[in-house]
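Here the structure is laid out as structure tokens; the discussion comes afterwards.
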Amino acid sequence: MNDILKIIKDRRTTRSYKKEMITEEELNKIIESGMWAPSGHNRQPWHFTIVENKEIMKKINFETKEVCKNIEDPLYFGWANNDKYDAFYDAPVLILLSYSDNGFSPIDDLGAVSQNMGLAAESIGIGSCWIGFINKLFESSGEKHEEYAKLLKIPNGYTLHHGIVLGYPAKEKLKSQPRKGSYNRIK
């Protein structure tokens, strides 16, 4: 199997991290890989905010949980009402992804960015987890989005969407399992 297919198959979500910060070189490689993601009409409609400040992470986690306490989805409701739940799994780095309001397909584009970052992280021994839960905070009200846009220095015309946490895995990752899904082939 070639290296790329191996990395794709070996990548697992990491939810337990060592306290140790990843190196600047590792972080830069992961960010660069996100910059090279494909995008609709090559508009590259993204902005990344690297957060290493634990107080800001705690604030986002707490406020997201407050917003989600009234959501009917049992998964979100369970996280929101669990005092011990940390949406960022105590990872040392959070990258928040924002999209340009002028993007052609910005949500899809951020998905490609996240995939590139997760695969790049895997290739250099860094654990990662895509954090969609916090999107509920950013979409909950214009006021909260404005507050966070100012706090996090998000450029005008960009909307916060989701995040990715990074760090050295604290536990051995699970082995790859056969994948589910189906496809059709029409000739």
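The values are calculated or read from the model by the stated rules, or taken from the named source; none is laboratory data. Because the structure is a prediction, the values reported are computed rather than measured. Don't worry about glycine lacking a Cβ; one is built from the backbone with ideal geometry, like all the others, and counts go over all protein chains shown. Areas reflect the complete protein model, heavy atoms only, side chains present, ligands, DNA and RNA absent. Shrake-Rupley method; radii C 1.70, N 1.55, O 1.52, S 1.80 Å.
Here are a few things to note about the model shown:
- Pair list, Cβ under 6 Å, 6 or more apart: region 163-187 residue in contact (Cβ under 8 Å) with a residue 12 or more places away in the chain, other residue of a type in the set (D, E, K, R) and open to solvent by less than 80 Å² (accessible area, probe 1.4 Å): 173/12; 174/12
- Residue list for region 131-160, filter: touching a Gly at 6+ places or on another chain (Cβ under 9 Å) and part of a strand (DSSP E or B): 131
- Enumeration of residues in region 106-122 that are open to solvent by less than 30 Å² (accessible area, probe 1.4 Å), in contact (Cβ under 8 Å) with a residue 12 or more places away in the chain and not acidic (Asp, Glu): 106, 110, 112, 113, 114, 117, 118, 120, 121
- Looking only at residues in region 4-31 that are in contact (Cβ under 8 Å) with a residue 40 or more places away in the chain, part of a helix (DSSP H, G or I) and not β-branched (Val, Ile, Thr), the one that is most open to solvent (accessible area, probe 1.4 Å) is 9.
- Total residues in region 62-82, condition assigned to a loop (DSSP other than H, G, I, E, B) and of a type in the set (A, V, I, L, M): 1
- Looking only at region 123-140, and only at residues there that are more than 11 Å from the chain's Cα centre (by Cα) and closer than 17 Å to residue 7 by Cβ, the one that is surrounded by the fewest Cβ atoms within 10 Å (Cβ to Cβ): 125
- Scanning region 87-104 for residues that are open to solvent by 30 Å² or more (accessible area, probe 1.4 Å) and either touching a helix residue (DSSP H, G or I) at 6+ places or on another chain (Cβ under 6 Å) or in a helix (DSSP H, G or I) (or both) yields a count of 2.
- Residue 143 within 21 Å of residue 75 (Cβ to Cβ), free of Cβ contacts under 8 Å to residues at least 12 places away in the same chain and open to solvent by 50 Å² or more (accessible area, probe 1.4 Å): no
- Residue in region 49-61 that is open to solvent by 80 Å² or more (accessible area, probe 1.4 Å), among the aliphatic types (A, V, I, L, M) and assigned to a helix (DSSP H, G or I) present: no
- Only residues that are of a type in the set (Lys, Arg) and within 27 Å of residue 105 (Cβ to Cβ) were counted across region 10-42, and they come to 2.
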